[in-house]
Amino acid sequence: MGKNLNQSGSGGLAVIDDDSSAIGSVVCALAWTAARGATNTVLVGSIPANARIIAINVQVPVVSNAATTATVSVGLNGGSATYFSAAQDVKTAVGNFSQAPTANWAISGASQKVTCTYTETGTASSAGTIYVALQYCVL
């Protein structure tokens, strides 16, 4: 009664049950701290070919103190800053926020480089902590 971790033909990781041969996927994540700035887009990593996004989570333990607005979005390098998620307000509330992948996103046969864009307006922020995680699996 064991489990084996195997690489699938598409490059993903699969957990295979010894007794039933049931196959389950391994959930992986990119996780980072958003960098504050007037409009600051940072390359945070890449997801492999055939990755399926499961969840995008934004954790705000300390809100941004930008004067007017502050948002975070997850995008595609060289593409839209909101390719993976809509802009999440990170100025008005402390908490954990779940973002659904946008309609722009589709499974790709190639790896995709992921960016995080922090945007603020008004007087620049001097405080604020924003953690982001993009969870995915590859079957």
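Here, each number is a calculation from the coordinates, and none is a lab measurement. Because the structure is predicted, anything quoted here is derived from the model rather than measured.
Quick check: from the Cα gyration tensor, does the range 84-139 come out rounded (a/c under 1.5), prolate or oblate?
The shape class here is prolate.
Under the definition of Cα pairs under 8 Å and six or more residues apart, what whole-number percent is the relative contact order of the chain?
38 percent
Go through the range 73-82 residue by residue and turn each phi into a ³J(HN,Hα) via Karplus (6.51, -1.76, 1.60, θ = phi - 60°); whole Hz please, and just put x for glycine and proline.
Working through the residues one at a time gives 9, 10, x, 10, 4, x, x, 6, 5, 10 Hz.
Enumerate the calculated ³J(HN,Hα) couplings along the range 107-122 in order (Karplus 6.51 cos²θ - 1.76 cosθ + 1.60, θ = phi - 60°), each rounded to whole Hz, writing x wherever the residue is Gly or Pro.
4, 10, x, 10, 5, 10, 7, 10, 10, 10, 10, 9, 10, 9, 10, x
Along the range 33-43, what does the Karplus equation 6.51 cos²θ - 1.76 cosθ + 1.60 (θ = phi - 60°) give for ³J(HN,Hα), rounded to whole Hz, x for Gly and Pro?
9, 5, 8, 6, x, 3, 9, 10, 10, 10, 6
From the C-alpha coordinates alone, can you work out the Kirkwood hydrodynamic radius of the chain, in Å?
16.0 Å
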